[in-house]
Amino acid sequence: MLNTRKLGREGLAVSEIGLGCMGMSYAYGTPDDAESIATIHRAIELGCTFLDTAEIYGPFANEELLGRALKGRRHAVTIATKFGFKIDNGVRGLDSRPEHIKEVIDASLVRLQTDHIDLLYQHRVDPDVPIEDVAGAVKDAIAAGKVRYFGLSEASVDTIRRAHAVQPVSAVQSEYSLFERGVEDKVLPALRELGIGFVPYSPLGRGFLTGNARRAEDLPANDWRAANDPRIQGSNFDTNVKLADFIKALADEKSVTPGQLALAWLLKQGDDLVPIPGTKRRQYLEENVNAASVRLTPADLDHIRSFLAGHQTAGTRYLPPMLSHLDR
C-alpha cells in the first residue's frame, strides 16, 4: 500500500502517487472502458487513490467514466477535476468567468456522480478574468460544500500569489519530470514559501521515459503526440532520446524499469510533491505504484544530476496554440 502525502497547509492528504485518468478517454489511442474501470478499481486496492480528471478530457467522457467506476467506492478516493475552457461542440477557448465556474462545478458533480469535488483546479489561467475573481468563485463553492480544496494548473508565480491571497491554494499542477524541469527555478521555491503542494503531470514525459521512446511519425494517427509533441519530432527526438537511453541504462543497473526510476527521482524532489502518471492498463498502474519502493542512493542522484547538467531538452512542450495558454 502507498503512503500518503499532504498537499498544502490546508491538509489535503493523498496517496504519494496518483493516477492520471486522461488517457482512458482522450488523446492516447482507442478507449477501452472495461480495462480503464478495472484499472481504477485496482488502483484503489493498491492505495493509489488520488484520481485526476477534467471536464475537457473527452470532453466530459472521462468524468463520466469515473462516475461509473466509483459507484460504491467514492469514499475511498480523492477526486481532482478541472475547469477553465469553453466547450461547445469542441473547445472554443478559455472561460473562467465566475458564472461559468459555477455551471461547470454543477455539471462535473453530475458526471462524477458525487456531491463534492475534493480538489478543483483552474485548468489554464484565463487572461480575461482576474484571478481574484476565479479564486472568489471557488471560495464560494467551498463554502457551499461543493468543493473542498482549490488548485491551479500551469500558473505563474504572480498568479499563484494573487489567487492564494483570496482563497488558499492547496496544490499547483504543472508538467515536471526528468524530461521537463521548467518549474524548478521559480515555481517550486514559491510554492514552498507559501505552503502549497505540487502535482507533476506527465511525470514520465508522455511515455518518453518508460523505455519505449518513439518518434512522432511512428505513432498511430489517433495518438495526440503524433502531431502535437515537438520534442519527439525530427532532430529533437535524436537529442532527447539520449536522456531516455541514460535513464534506461541506470534503471537496468538497478533492476527496475525506466518509468519506475523516473518516478522515484520525482518522489525524491520533496515530500510536498505527488506525481500522477497516467495509464489505462492495470499492468502499467502496478509498475508505477511499485516505483514508491525504488531506492535511489545519493550517488544515484548525483549521477542523474551530473547528466542533466549537460543535457538540454530539445523542442517546446506544445505547439504554439497550446503554448499560448501557459501562464509562464
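The values are calculated or read from the model by the stated rules, or taken from the named source; none is laboratory data. Here the structure is a predicted model, which means the values were calculated and not measured. Glycine also receives a Cβ, built like all others from the backbone with ideal geometry; neighbour counts cover every protein chain displayed.
Answer yes or no: is there a residue in segment 43-52 that is surrounded by fewer than 17 Cβ atoms within 10 Å (Cβ to Cβ), of a type in the set (A, V, I, L, M) and over 18 Å from the mean Cα position of the chain (by Cα).
no
Out of Arg225, Arg206, Arg215, report the one residue that is touching a Leu at 6+ places or on another chain (Cβ under 8 Å), among the charged types (D, E, K, R) and under 21 Å from Leu243 (Cβ atoms).
Working: Arg206 fails: touching a Leu at 6+ places or on another chain (Cβ under 8 Å); Arg215 fails: touching a Leu at 6+ places or on another chain (Cβ under 8 Å).
None of the other options fit; the residue is Arg225.
Could you list, in sequence order, the residues of segment 106-132 that are surrounded by fewer than 18 Cβ atoms within 10 Å (Cβ to Cβ), out of contact with any helix residue (DSSP H, G or I) (no Cβ under 9 Å at 6 or more places or on another chain) and over 23 Å from His164 (Cα atoms)?
The answer is Asp106, and nothing else.
Condition check: at pLDDT below 95 and small (Gly, Ala, Ser). Does Gly93 satisfy that?
yes
Picking from Ala221, Ala216, which residue would you name as being touching an Asp or Glu at 6+ places or on another chain (Cβ under 8 Å) and free of Cβ contacts under 8 Å to residues at least 40 places away in the same chain?
On the way: Ala221 fails: touching an Asp or Glu at 6+ places or on another chain (Cβ under 8 Å).
Ala216 is the lone residue from the list that is touching an Asp or Glu at 6+ places or on another chain (Cβ under 8 Å) and free of Cβ contacts under 8 Å to residues at least 40 places away in the same chain.
Quickly run through segment 87-102 and pick out the residues that are among the charged types (D, E, K, R), within 24 Å of Glu132 (Cβ to Cβ) and surrounded by fewer than 16 Cβ atoms within 10 Å (Cβ to Cβ). Explain how you work it out, then say what you get.
Step one: list which residues in segment 87-102 are among the charged types (D, E, K, R), which gives 88, 92, 95, 97, 99, 102.
Okay, now just the ones that are also within 24 Å of Glu132 (Cβ to Cβ), so 95, 97, 99, 102.
The answer is Glu99, and nothing else.
If you take the residues of segment 206-223 that are aliphatic (A, V, I, L, M) and surrounded by 17 or more Cβ atoms within 10 Å (Cβ to Cβ), which of them is modelled with the highest pLDDT?
Of all residues in segment 206-223, those aliphatic (A, V, I, L, M) come to 209, 213, 216, 219, 221.
When the remaining residues are screened for being surrounded by 17 or more Cβ atoms within 10 Å (Cβ to Cβ), the result is 209, 213, 216, 219.
Values: Leu209: 96, Ala213: 88, Ala216: 88, Leu219: 90.
Filtering segment 206-223 for residues that are aliphatic (A, V, I, L, M) and surrounded by 17 or more Cβ atoms within 10 Å (Cβ to Cβ), the one modelled with the highest pLDDT comes out as Leu209.
Of the conditions (1) out of contact with any Asp or Glu (no Cβ under 7 Å at 6 or more places or on another chain); (2) within 23 Å of Ala80 (Cβ to Cβ); (3) not small (Gly, Ala, Ser), Ile276 clears all except one; give me its number.
(1)
Could you list, in sequence order, the residues of segment 45-67 that are of a type in the set (D, E, K, R) and more than 12 Å from Ile79 (Cβ to Cβ)?
Of segment 45-67, the ones of a type in the set (D, E, K, R) are 45, 52, 55, 63-64.
If the condition is that a residue be of a type in the set (D, E, K, R) and more than 12 Å from Ile79 (Cβ to Cβ), then Glu45, Glu55, Glu64 are the ones that fit.
Within segment 1-13, identify whether any single residue is outside any loop (DSSP other than H, G, I, E, B) and more than 22 Å from Arg148 (Cα to Cα), and answer yes or no.
So in segment 1-13, the residues outside any loop (DSSP other than H, G, I, E, B) come out as 4-7, 12-13.
Going one step further and asking which of them are more than 22 Å from Arg148 (Cα to Cα), we end up with none.
The answer is no; no qualifying residue exists.
When you look at Asp33, is it free of Cβ contacts under 8 Å to residues at least 40 places away in the same chain, more than 25 Å from Val274 (Cβ to Cβ), in contact with a helix residue (DSSP H, G or I) (Cβ under 9 Å, 6 or more places away or on another chain) and not hydroxyl-bearing (Ser, Thr, Tyr), yes or no? Break it down stepwise before answering.
On the way: free of Cβ contacts under 8 Å to residues at least 40 places away in the same chain: yes; more than 25 Å from Val274 (Cβ to Cβ): yes; in contact with a helix residue (DSSP H, G or I) (Cβ under 9 Å, 6 or more places away or on another chain): yes; not hydroxyl-bearing (Ser, Thr, Tyr): yes.
So Asp33 passes the test.
Consider Pro203 against the criteria (1) in a loop (DSSP other than H, G, I, E, B); (2) modelled with pLDDT under 95: it satisfies all of them except one. Which criterion is unmet?
(2)
Can we say Arg161 is at negative phi and in contact (Cβ under 8 Å) with a residue 24 or more places away in the chain? Before you say what the answer is, go through the steps one by one.
Values: at negative phi: yes; in contact (Cβ under 8 Å) with a residue 24 or more places away in the chain: yes.
Yes; evaluated as a whole, the condition is true for this residue.
Does segment 67-95 hold any residues that are in contact with a strand residue (DSSP E or B) (Cβ under 6 Å, 6 or more places away or on another chain) and among the small types (Gly, Ala, Ser), and which are they?
Within segment 67-95, Ala80, Gly84, Gly93 qualify.
The rows are residues; the columns are (1) free of Cβ contacts under 8 Å to residues at least 12 places away in the same chain; (2) of a type in the set (Asp, Glu).
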site	(1), (2)
Ala27	no, no
Thr39	no, no
Asp52	no, yes
Glu63	no, yes
Arg92	yes, no
Pro98	no, no
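Sort out for me the helices (runs of 4 or more DSSP H) sitting completely within segment 234-299 that have 3 or more residues that are free of Cβ contacts under 8 Å to residues at least 60 places away in the same chain, closer than 17 Å to Phe208 by Cβ and in contact with a helix residue (DSSP H, G or I) (Cβ under 8 Å, 6 or more places away or on another chain). Explain how you work it out, then say what you get.
Details: elements: 234-254, 258-267, 282-289.
Where helices (runs of 4 or more DSSP H) fall fully within segment 234-299 and carry at least 3 residues being free of Cβ contacts under 8 Å to residues at least 60 places away in the same chain, closer than 17 Å to Phe208 by Cβ and in contact with a helix residue (DSSP H, G or I) (Cβ under 8 Å, 6 or more places away or on another chain), they are 234-254, 258-267.
I want to confirm something. Restricting to segment 300-328 and keeping residues that are of a type in the set (Asp, Glu) and either part of a loop (DSSP other than H, G, I, E, B) or surrounded by 13 or more Cβ atoms within 10 Å (Cβ to Cβ) (or both), which single residue is modelled with the lowest pLDDT? Show your work before the answer.
Our first condition is that a residue be of a type in the set (Asp, Glu); within segment 300-328, this holds for 300, 302, 327.
With either part of a loop (DSSP other than H, G, I, E, B) or surrounded by 13 or more Cβ atoms within 10 Å (Cβ to Cβ) (or both) added as a condition, the list becomes 300, 327.
On the way: Asp300: 98, Asp327: 81.
Among those that are of a type in the set (Asp, Glu) and either part of a loop (DSSP other than H, G, I, E, B) or surrounded by 13 or more Cβ atoms within 10 Å (Cβ to Cβ) (or both), it is Asp327.
Looking at (1) assigned to a loop (DSSP other than H, G, I, E, B); (2) in contact with a helix residue (DSSP H, G or I) (Cβ under 8 Å, 6 or more places away or on another chain); (3) modelled with pLDDT under 95; (4) not β-branched (Val, Ile, Thr), which is the one condition that is false for Ala226?
(1)
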